[in-house]
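Peer 1: One structure follows; several queries about it will come next.
The values are calculated or read from the model by the stated rules, or taken from the named source; none is laboratory data. Only a predicted model underlies this, so the values are computations on that prediction, with no experimental measurement involved. Cβ coordinates were reconstructed from backbone atoms using ideal geometry, including for glycine residues, and neighbour counts include every protein chain displayed. Just the protein is used for accessible areas: all its heavy atoms, side chains included, with ligands, DNA and RNA removed. Shrake-Rupley method; radii C 1.70, N 1.55, O 1.52, S 1.80 Å.
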Protein chains: 2
Amino acid sequence: MKKTIFVFSALIVALLALFQLGKYSYLSGDISIEVAIAVVAIIFFIIGVYINKKTLAKKPTTLPTIDSKKINELGISNREYEVLVHISKGMSNKEIAEELFISESTIKTHVSNLLVKLDAKRRTQAIQKAKDLEILSP
Amino acid sequence: MKKTIFVFSALIVALLALFQLGKYSYLSGDISIEVAIAVVAIIFFIIGVYINKKTLAKKPTTLPTIDSKKINELGISNREYEVLVHISKGMSNKEIAEELFISESTIKTHVSNLLVKLDAKRRTQAIQKAKDLEILSP
DNA sequence: TTACCTCTCATACTAAAGTACCAAAATCAA
DNA sequence: TTGATTTTGGTACTTTAGTATGAGAGGTAA
C-alpha cells in the first residue's frame, strides 16, 4: 500500500514536470509537440507495464506454503517428517535408511508412527493425505 | 506473438492519431497542450497496464494439464493409466481390483507394466515420475 | 532424580507389493 | 479372417512394507 501511494505520487510529480516541459517546448518551439507526446506516451506506457508487473508479481498467493503448524498438531516429530519427505520422493525404506545413516528398522518405526499419525494404511496414502494437509509440497 | 505484433501496430496507429490531434489542438488552440499530454499519459498508462495484465495472465503456465501425449509416448494403455490414477490416490492393489471389478492378479500385471514403462522401482516412485512427466495432476 | 519424549535398533511375524512366465479371451485395425 | 494389442487371469516365488513388542541412549522439563 505504501509503495502504491509512493508510486502514484511520483506519477503526479512526473505529470507536473511534463506540463512544464510541454509549456517550455510550446513557448520556445525547440521541441515539436509530436516528440513530446511520443515521449510522454512511451514513458507512461513503460510505467504502466512496470507497476502492473509489480502488482501481479505478488498476486500469485497460491499458497505453496509448506505449513508447519499442522505438522506439530499431528504430533509428527522432526525425524518422522524427514522420513515422510523421502517417502514422497518414492524412496524405499532401505534407501532412506542409507540416506539418513540409520538402520532400516528405525525407518520402519518412523513409517509406522507416520501412518498412525496421518491415519493412513499405506505409504502412498500417507503421501496423499500429507499433501492434502499441506505439509508436503504438491 | 501475433497478438503482440497486432497490439504494437495498434499502438503506433494510436500514436499517429494523437499526433494529428496534437497538431490540430496546437493550430486551433482549442485544447491546451497540458490536457493533451495528460490524456496521452493516462491512455498509454492504461494501455501499459492492460497489455501487461494480458501477458502475465497467460504467464502462469502452471499447466494443470493432464497431458495425454506422453502417455501414448510411454506406451501406457488406458487400463494401465486408470490403475496409475488409483495408485496415486493411495489405494492398494486389492482396493483397485475391487474398484475396477477385476482380479488383484490383473492389477499386479498392470502395475508391473507401469513400473517398467515409467522406469520406476516402486509405486511411490511411479507416482513421482508420473507427476514430473505431467501425466498426473500434482 | 523422576518422568517424558525422541530417536534409535532388534526380532518375529503378517501382509502387501512386485517379478517371472504363461496363457486365454477380447478388441481392433488391416 | 488374420495378426497385433489390450485386457484379463493364474501360479509360484522374492522382495518390501508394515505391525507388534520390547528396549536402550540421550535430552528436557518438573
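Peer 1: Do any helices (runs of 4 or more DSSP H) entirely within region A:76-138 hold 1 or more residues that are over 26 Å from B:HIS86 (Cβ atoms), and if so, which?
Peer 2: Of the helices (runs of 4 or more DSSP H) lying wholly inside region A:76-138, those with at least 1 residues that are over 26 Å from B:HIS86 (Cβ atoms) span A:78-88, A:93-100, A:104-117.
Peer 1: What number of residues within region B:90-101 satisfy the criterion of being open to solvent by 30 Å² or more (accessible area, probe 1.4 Å) and more than 10 Å from DNA strand C (Cβ to nearest atom)?
Peer 2: Summing the residues that are open to solvent by 30 Å² or more (accessible area, probe 1.4 Å) and more than 10 Å from DNA strand C (Cβ to nearest atom) in region B:90-101 gives 3.
Peer 1: Right, another one. With the structure loaded, tell me whether B:ASN72 is within 24 Å of the chain's Cα centre (by Cα), at pLDDT 70 or above and assigned to a helix (DSSP H, G or I) or whether it fails that test.
Peer 2: yes
Peer 1: I'd like the full set of residues that are more than 15 Å from B:GLY90 (Cα to Cα), open to solvent by less than 10 Å² (accessible area, probe 1.4 Å) and under 31 Å from the mean Cα position of the chain (by Cα), limited to region A:104-136.
Peer 2: A:ILE135 - this is the single residue of region A:104-136 that is more than 15 Å from B:GLY90 (Cα to Cα), open to solvent by less than 10 Å² (accessible area, probe 1.4 Å) and under 31 Å from the mean Cα position of the chain (by Cα).
Peer 1: Among B:ILE76, B:ILE87, which is the only one that is within 8 Å of DNA strand C (Cβ to nearest atom) and surrounded by 20 or more Cβ atoms within 10 Å (Cβ to Cβ)?
Peer 2: B:ILE87
Peer 1: Let me ask another. How do the pairs read when you match residues in region B:69-98 that are within 12 Å of B:LEU118 (Cβ to Cβ) with residues anywhere that are of a type in the set (Val, Ile, Thr) and open to solvent by 70 Å² or more (accessible area, probe 1.4 Å), using Cβ under 7 Å and keeping only pairs 6 or more apart or on different chains?
Peer 2: none
Peer 1: Within region B:102-138, take every residue that is touching a Pro at 6+ places or on another chain (Cβ under 8 Å) and not small (Gly, Ala, Ser) and give me the one that is farthest from DNA strand C (Cβ to nearest atom).
Peer 2: The selected residue is B:PRO138.
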